[in-house]
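Peer 1: Below is a structure I'd like to ask you about.
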């Protein structure tokens, strides 16, 4: 039983790390703002879920597990909110999806 | 425990207690009154401490009751007491003399904050002067620096802001360099207490980190003390600060840093780094000489009176360092004495500027033309302080220059050159001060330049201000005729600094 | 394994620092400096400095970023490009030389983690041995901070207070009051109309403040204390101000109350010290506060940490409002 | 491995000099302040590195009788102070920058100097 749990938790840890990595690569390689955001949302949803789940399995039923779950809950609330706020701000600022150009020529915007 | 035992801690506690209260006091005159009272109280404590250290004793106080290398210890020797006296005295005189000009130049609702910041400067500088802990110096250095930036930024023209930004950058680099140096010494000794560092640095196997520490500390403190060639921030900061602030900080803030520099070099490094005395002399003496000549030279061509006096301060710091660079008793005595006497002279000059500032808005030399006819007492005080700055016999400035020249002759063949530089720069001081005084006494007022000259009623500054200015000038004469008290303190300070030098 | 990890994190610090210096857009530079602070906090954590890591994360990545953004709202956000940069070559030579000097001296320095280094043989062991006996709280950092070197911490509180007074002084120039709060500032509309951030933010604020209080009062047992708590609570209230508008936040905590908190906190600390003097001990010698010296120390530390927390919260919020209230 | 024990010192040196470079060579005042905070962070890293003991843990003694190794609490306390000093300096610097921008309408050092020379 212990071995199964250990294997499962390591699989989750490695998987989570992989998703974070993919998210990072995606944020660098995707062509425009919205697709980049789409890629990077992996790093704050699936990635931490798997990593923290793996950690919870490692620590068994203890205070640590509760803390880990609290962190997970927090991340699951704040991550999507931040993504939403970012996307909304971008669309309000006049950023158009699918192209590399901006409708508004606001010099503040980073070049895609 | 009686109150007496707590006196060493009070010079910091009193202004720290008064500062937040002053920030919250309304109306603003109450804030001024609180700041003035706290200043006077600190001055009284400083006088007590100076009297107590007259016999060369060191007064220690364990903060929190924890013994020395574990807790923070205050250690007040005669050098600390002397500098404390300068800080609190300058603060008291400047805050009394500066009330009207501050009232005029700073909006009413901001004045309580200004006075709170002023008291923070007092507390920070006093904290540096009396502590025996290297990191504690950093903390109080930051209190005084941040508060100094605030009071300088109160200056009414926009150049005050750029001057203060430059000062902030330079000052923070200096403080951080100091912190790095302390970190390296701590790395090699495991302690932060000056006395303990001195004892433990003797038996460490490696010297490269200690050399690096010495370099960082000397450069950092030199930056904060505006030692040539790291003086760039000083002239503009002095020129654009409110007059009262200039009178206060010009008298004391760079000197406090010099005190830390002397402590670190003489107490911690000299006894432990082989040849450090020679290195110190070789490094500091040329800088001191160049600083003297550069400061005086630039002052001769400067047209703004406040900036001119700022450059003169750079030259005078050169004298202080020159004395220290001899690494002997005579030199250090002259150096410490000059800390005191220069504070007297420069403080009095800038206090006179505060008084002149009641009627003048700008301080180009031509704005002062003919001012002697309308404000003879103020300009008289200015002239006496100027004589003291030059070092005319009968004034305080003469005493320290005399001791400096005597010490220089003790340097063998080099001595003649040094004396030559001192005399030459005194003559340069005559030139740049004469450029101010001659037209101020004798020229007719320049109708275009004088901002307030069209007002026919222009006369002396208010009586209170004038009294303070005259008192400062009188002190220059008094300590020129009866120099026993500062001499005694400076003698003990020199002995104490040299105690660990092999 | 942990060595490789820490080397990687340290190298990332250098990369981020270079990116900050090179970036021309100040917004991205500020964001990068927030990342820099978080990386720094991670490094501190690996180096066993939990308290410092918490402070760096709360102050460096949180409050500092908010202040920088507040200032950027009032200044240009693009660094001007020049054809010919001044001083670059000379500066590069200078910094390389100093870097080489530091590296040269490093070979004579104790290796990181060497238990025989002088720092671990003198003074520090005394703190570790005596804290359970003299003060009897688990967190030695809090014991040193609050009691053994309490005078430094007092100075630190006054540094914060000085900065607060300075910012209020500078930013109240040319306007009637210290912090005018009638006007509805421009930040008002930015988040109020956004439903999701608004709702989520409102849910989070009580937890942030609760966590701040936990950090405040748990500082004797775990990482934490007044500074961290003050920064966290201030962050929670700043979030409230962003969600509900400056005006609403200032209605809950008016400027005079904030300044009062800052001043009151600093005074509380100082007066604890003075009370020790009146009760017959040295300044800040908490042993005299109770019949039993150990209890006295604990009471003293709790009181001064409270003072620190109040002063930091009040000052940081005052600074934030001062920036937000300054119109362009 | 011996050499790796010095890596922290080199990173300290590198960060210090990157910050210093930004302070001297960059003209934008906000950039200078960012450089200043990197410069100060380098010192934090130096002190905290000193505090580390091989195999140690954070200095929180939950059980005084257990034989544990603790890292050095003193540098950590000093750096707690220094971090707060750093943010205070940054805040004050930013306030000055805001005022400079209002008075000069620019935050580039060379332009400000040009404006000053003209007046």
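Peer 1: Quick one: would you say residue B:172 is at pLDDT 90 or above, within 13 Å of chain C (Cβ to nearest Cβ), under 30 Å from residue B:350 (Cβ atoms) and assigned to a helix (DSSP H, G or I)? Outline the logic, then answer.
Peer 2: Values: at pLDDT 90 or above: yes; within 13 Å of chain C (Cβ to nearest Cβ): yes; under 30 Å from residue B:350 (Cβ atoms): yes; assigned to a helix (DSSP H, G or I): yes.
It is true that residue B:172 is at pLDDT 90 or above, within 13 Å of chain C (Cβ to nearest Cβ), under 30 Å from residue B:350 (Cβ atoms) and assigned to a helix (DSSP H, G or I).
Peer 1: Within the stretch D:97-109, can you find the residues that are farther than 16 Å from residue C:324 by Cβ and more than 7 Å from every other protein chain (Cβ to nearest Cβ)?
Peer 2: D:105, D:106, D:109
Peer 1: Out of the stretch D:15-33, which residues are under 24 Å from residue B:181 (Cβ atoms) and touching a residue at least 12 places away in the same chain (Cβ under 8 Å)?
Peer 2: Matches in the stretch D:15-33: D:15, D:16, D:18, D:19, D:20, D:21, D:22, D:23, D:32, D:33.
Peer 1: Let me ask something else about it. Scanning for something within 21 Å of residue C:168 (Cβ to Cβ), more than 14 Å from every other protein chain (Cβ to nearest Cβ) and surrounded by fewer than 24 Cβ atoms within 10 Å (Cβ to Cβ), does the stretch B:88-103 turn up at least one residue?
Peer 2: yes
Peer 1: For residue B:110, indicate whether it is more than 10 Å from chain C (Cβ to nearest Cβ) and surrounded by fewer than 24 Cβ atoms within 10 Å (Cβ to Cβ).
Peer 2: Criteria not met by residue B:110.
Peer 1: Is there a residue being at pLDDT below 90, surrounded by fewer than 24 Cβ atoms within 10 Å (Cβ to Cβ), within 10 Å of another protein chain (Cβ to nearest Cβ) and in a helix (DSSP H, G or I) anywhere in the stretch C:249-257?
Peer 2: Taking every residue of the stretch C:249-257 in turn, at least one turns out to be at pLDDT below 90, surrounded by fewer than 24 Cβ atoms within 10 Å (Cβ to Cβ), within 10 Å of another protein chain (Cβ to nearest Cβ) and in a helix (DSSP H, G or I).
Peer 1: I would also like to ask the following. If you go through the stretch D:62-85 one residue at a time, how many are modelled with pLDDT of 85 or more and at the interface with chain C (Cβ under 8 Å from one of its Cβ atoms)?
Peer 2: Applying the first criterion (modelled with pLDDT of 85 or more) to the stretch D:62-85 yields D:69-85.
Adding the requirement that they be at the interface with chain C (Cβ under 8 Å from one of its Cβ atoms) leaves D:69-81, D:83-85.
Qualifying residue count, the stretch D:62-85: 16.
Peer 1: In the set C:97, C:40, which member is closer than 21 Å to residue D:78 by Cβ and either modelled with pLDDT of 90 or more or more than 22 Å from the chain's Cα centre (by Cα) (or both)?
Peer 2: Of the residues listed, the single one that is closer than 21 Å to residue D:78 by Cβ and either modelled with pLDDT of 90 or more or more than 22 Å from the chain's Cα centre (by Cα) (or both) is C:40.
Peer 1: Restricting to the stretch B:373-389, name every residue that is surrounded by fewer than 21 Cβ atoms within 10 Å (Cβ to Cβ) and over 23 Å from residue B:105 (Cα atoms).
Peer 2: B:373, B:376, B:377, B:380, B:383
Peer 1: Ok, one more. Which one is farthest from the other protein chains (Cβ to nearest Cβ) among residues in the stretch B:182-224 that are touching a residue at least 40 places away in the same chain (Cβ under 8 Å) and in a loop (DSSP other than H, G, I, E, B)?
Peer 2: Only one residue tops the list, namely B:202.
Peer 1: More than 7 Å from chain C (Cβ to nearest Cβ) and over 17 Å from the mean Cα position of the chain (by Cα), is that true of residue D:40?
Peer 2: Criteria not met by residue D:40.
Peer 1: OK, next. Is one or more of the residues making up the stretch B:160-178 over 29 Å from residue B:215 (Cα atoms), surrounded by fewer than 24 Cβ atoms within 10 Å (Cβ to Cβ) and either without any contact (Cβ under 8 Å) to a residue 40 or more places away in the chain or outside the structural domain of residue B:126 (by TED's automatic domain parsing) (or both)?
Peer 2: no
Peer 1: Can you tell me which residue in the stretch B:38-60 is nearest to residue C:280 (Cα to Cα), limited to those that are in contact with a strand residue (DSSP E or B) (Cβ under 7 Å, 6 or more places away or on another chain) and crowded, with 20+ Cβ neighbours inside 10 Å? Break it down into steps so the answer makes sense when it comes.
Peer 2: Within the stretch B:38-60, the subset in contact with a strand residue (DSSP E or B) (Cβ under 7 Å, 6 or more places away or on another chain) is B:49, B:52-53, B:58-60.
Filter again for crowded, with 20+ Cβ neighbours inside 10 Å, leaving B:49, B:53.
Numbers: B:49: 21, B:53: 24 Å.
In this case the residue turns out to be B:49.
Peer 1: So which of C:42, C:26, C:10, C:68 ends up being surrounded by fewer than 20 Cβ atoms within 10 Å (Cβ to Cβ), in contact with a helix residue (DSSP H, G or I) (Cβ under 9 Å, 6 or more places away or on another chain) and without any contact (Cβ under 8 Å) to a residue 60 or more places away in the chain?
Peer 2: C:42
Peer 1: State whether the residues of the stretch D:86-96 include one that is in a helix (DSSP H, G or I), more than 7 Å from every other protein chain (Cβ to nearest Cβ) and surrounded by 24 or more Cβ atoms within 10 Å (Cβ to Cβ).
Peer 2: Initial filter on the stretch D:86-96 (in a helix (DSSP H, G or I)): D:86-96.
Checking which are more than 7 Å from every other protein chain (Cβ to nearest Cβ) leaves us with D:86.
Now drop any that are not surrounded by 24 or more Cβ atoms within 10 Å (Cβ to Cβ), which leaves D:86.
Yes, the conditions are met somewhere in the stretch D:86-96.
Peer 1: Going through the stretch C:275-328 one residue at a time, which ones are modelled with pLDDT of 90 or more, within 21 Å of residue C:164 (Cα to Cα) and surrounded by fewer than 20 Cβ atoms within 10 Å (Cβ to Cβ)?
Peer 2: Across the stretch C:275-328, the qualifying residue is only C:306.
Peer 1: Give the residue, chosen from D:33, D:23, that is assigned to a helix (DSSP H, G or I) and more than 7 Å from every other protein chain (Cβ to nearest Cβ). Show your work before the answer.
Peer 2: Values: D:23 fails: more than 7 Å from every other protein chain (Cβ to nearest Cβ).
Step by step, each of D:33, D:23 is checked, and only D:33 is assigned to a helix (DSSP H, G or I) and more than 7 Å from every other protein chain (Cβ to nearest Cβ).
Residue-by-condition table, conditions (1) under 15 Å from the mean Cα position of the chain (by Cα); (2) assigned to a helix (DSSP H, G or I); (3) surrounded by fewer than 15 Cβ atoms within 10 Å (Cβ to Cβ):
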| position | (1), (2), (3) |
| --- | --- |
| A:5 | no, yes, yes |
| A:10 | no, yes, yes |
| A:16 | yes, yes, no |
| A:21 | yes, yes, yes |
| A:24 | yes, yes, no |
| A:31 | no, no, yes |
| A:38 | yes, yes, no |
| A:42 | yes, yes, no |
| A:48 | yes, yes, no |
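Peer 1: Here is a list: B:288, B:324, B:348, B:334. Which entry is at pLDDT 90 or above, more than 30 Å from residue B:202 (Cα to Cα) and crowded, with 21+ Cβ neighbours inside 10 Å?
Peer 2: B:348
Peer 1: Turning to a different aspect of this structure: Tell me, which helices (runs of 4 or more DSSP H) wholly within the stretch C:1-120 include 1 or more residues that are facing chain D (nearest Cβ under 7 Å) and over 30 Å from residue C:236 (Cβ atoms)?
Peer 2: Once the helices (runs of 4 or more DSSP H) in the stretch C:1-120 are filtered for at least 1 residues that are facing chain D (nearest Cβ under 7 Å) and over 30 Å from residue C:236 (Cβ atoms), what remains is C:2-22, C:88-106.
Peer 1: Does the stretch A:79-91 hold any residues that are within 9 Å of chain C (Cβ to nearest Cβ) and touching a residue at least 24 places away in the same chain (Cβ under 8 Å), and which are they?
Peer 2: Listed by number, the residues that qualify are A:80, A:82.
Peer 1: Could you check the stretch C:80-94 and list, in sequence order, the residues that are touching a helix residue (DSSP H, G or I) at 6+ places or on another chain (Cβ under 6 Å) and either at pLDDT 90 or above or crowded, with 16+ Cβ neighbours inside 10 Å (or both)?
Peer 2: Residue satisfying the conditions is C:91 alone.
The values are calculated or read from the model by the stated rules, or taken from the named source; none is laboratory data. Please read these numbers as outputs of a predicted model, since none were measured by experiment. With ideal geometry, Cβ positions are generated from the backbone for all residues, glycine too; neighbour counts draw on all protein chains shown.
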